[in-house]
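The values are calculated or read from the model by the stated rules, or taken from the named source; none is laboratory data. Since the model is a prediction, treat every value here as computed from it, not as a measurement. When we count neighbours, we look across all protein chains shown, and the Cβ atoms used for this are built from the backbone with ideal geometry, even at glycine. The area values use the complete protein model at the heavy-atom level, side chains included, leaving out ligands, DNA and RNA. Shrake-Rupley method; radii C 1.70, N 1.55, O 1.52, S 1.80 Å.
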Amino acid sequence: NSCHGAGNTGSGIDLTIYAGVAAVAQSGQLVGSITHASGFEAMPDGLPKLGDCEIGKIRAWVNAGYLNN
């Protein structure tokens with residue numbers, strides 16, 4: 001949340017609220033960015049790619065309909 005938090009949303013993405021996370025999940029941007037897929041800006045910016053376990057959890061959540069749980 002240091003880059004996409006309520007006080008720092010220069011990118012227009014606020015990942016501290018469900019609506020912000022749901023929007024990037026629905027668009028495919030969330031999974032595309034964290035998997036460093038072609039055509040997406042690799043995230044987290046300037047840091048190594050998340051581990052396979054973390055990516056798997058996020059991908060499963062998105063595939064399950066990105067519920068607000």
- prompt: So, of the residues in region 15-28 that are open to solvent by less than 80 Å² (accessible area, probe 1.4 Å) and polar (S, T, N, Q), which turns out to be modelled with the lowest pLDDT?
  reply: 16
statement: Note on region 29-69: residues hydrophobic (A, V, I, L, M, F, W, C), in a helix (DSSP H, G or I) and exposed (fewer than 15 other Cβ atoms within 10 Å of the Cβ) are 53, 60
